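Heads up, the thing below is written out as structure tokens.
A short reminder: the numbers here are calculations on the coordinates, not readings from a lab. Quantities reported herein were computed from a predicted structural model and do not represent experimental measurements. Quick reminder, even Gly has a Cβ in these numbers, built from the backbone with ideal geometry, and neighbours come from all protein chains shown.
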Amino acid sequence: MSEDVPPTADATARTVPAVAVVDAQSPGNVGTIARSMKNFGFEELLLIDPPELDPDGEAYGYAGHAREDVLPEAEEITFDHLVENYHTIGCTAVTNEDDRSHTRFPYSTPAELADRLPTVEAPTALVFGRERVGLTNEELARIDEICSIPASAAYPVLNLGQAATVTLYELRSLALEKTQLPDVERVRAPEATVDRLYGQWDDLLTEINHPDEKRDKTMRMLRRVFGRADLTEREANTLLGLLRRATERPAED
């Protein structure tokens, strides 16, 4: 990139990346990427040498609600403009294994980018290549950094739309303040309730004649199990009721 944005630039402009697609062959894949952008809060779509995007064709058919804004507002630019005006992250399935060549090394995973990109004080762009060959080595050599999705070594190559969807999902925290999932805080049961649960377990061990020499070890195990479970009050009370019934049930002959 030729020039950084001054530190006073708006933080949102720095941290929400644009999505650039280079020489896509299928209008449907462009529509799929636009839809994924809409799903995860990304808005700026940049197209380099795109196919024709007919409003009545498959790009708009695949775009879902992104047909209303992301896709029609996409900007067609050149690759030169992209690398001169954005901090670019090239997405590729095939990387180098070590530092003997820097064309495809070093690289980050999308999850690692989610932690680091907010510190980049420049407009950023995630760059996806062609369906069959992705980005060429010549294009990658002009890009600032590399991103790759962890996948099976036997077949790491993803469909263009799939690769964009996975990457944007991992980076959604850069674009979304909240999702449709309710932000429900898990409330741990009060310690007094949990203590009663352990007391009820102790009563049950007595009722079933659990060996005295094993009692302490068993109770330590139960405390660790329920400690990891981080029970809610309702869960603890339900277990208390079950244990009480089991403890008070008359012994069968």
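Observations on the model:
- Overall dimensions of the chain, expressed as equivalent-ellipsoid semi-axes from the Cα gyration tensor (√(5λ), whole Å, largest first), are 54, 21, 19.
- Inter-label distance for T119 and V187, nm, one decimal - labels placed 7 Å from Cα along Cα-to-Cβ: 3.9 nm
- Between E43 and A229, the FRET efficiency estimated from the beta carbon spacing at R0 = 41 angstrom works out to 0.50.
- Antiparallel bridges, percent of DSSP beta bridges restricted to the chain (to nearest 5): 5 percent
- Relative to the dominant Cα principal axis of the chain, helix 191-207 is inclined by about 50°.
- Positive dipole terminus of the chain, leading residue within Y107, V22, A63 (C-beta point charges): Y107
- Only Lys, Arg (+1) and Asp, Glu (-1) charged, at Cβ; region 140-253 dipole about Cα centre in debye: 220 debye
- For the chain, the longest principal axis of the C-alpha atoms and the axis of helix 160-170 are separated by about 50°.
- Dipole of the chain [Lys/Arg +1, Asp/Glu -1 at C-beta], most positive-end residue of T92, V127, N209: N209
- Mean silhouette area of region 200-252, derived from the convex hull of its C-alpha atoms and averaged over all directions, reads 3.8 nm².
- Cα long-axis angle, helix 27-40 against the chain (0 to 90 degrees, to the nearest 10): 50 degrees
- Nearest-20 debye value, region 191-248 charge dipole, Cβ charges on Lys, Arg, Asp, Glu: 220 debye
- With R₀ fixed at 30 Å, the C-beta to C-beta distance from R172 to N237 puts the FRET efficiency at about 0.25.
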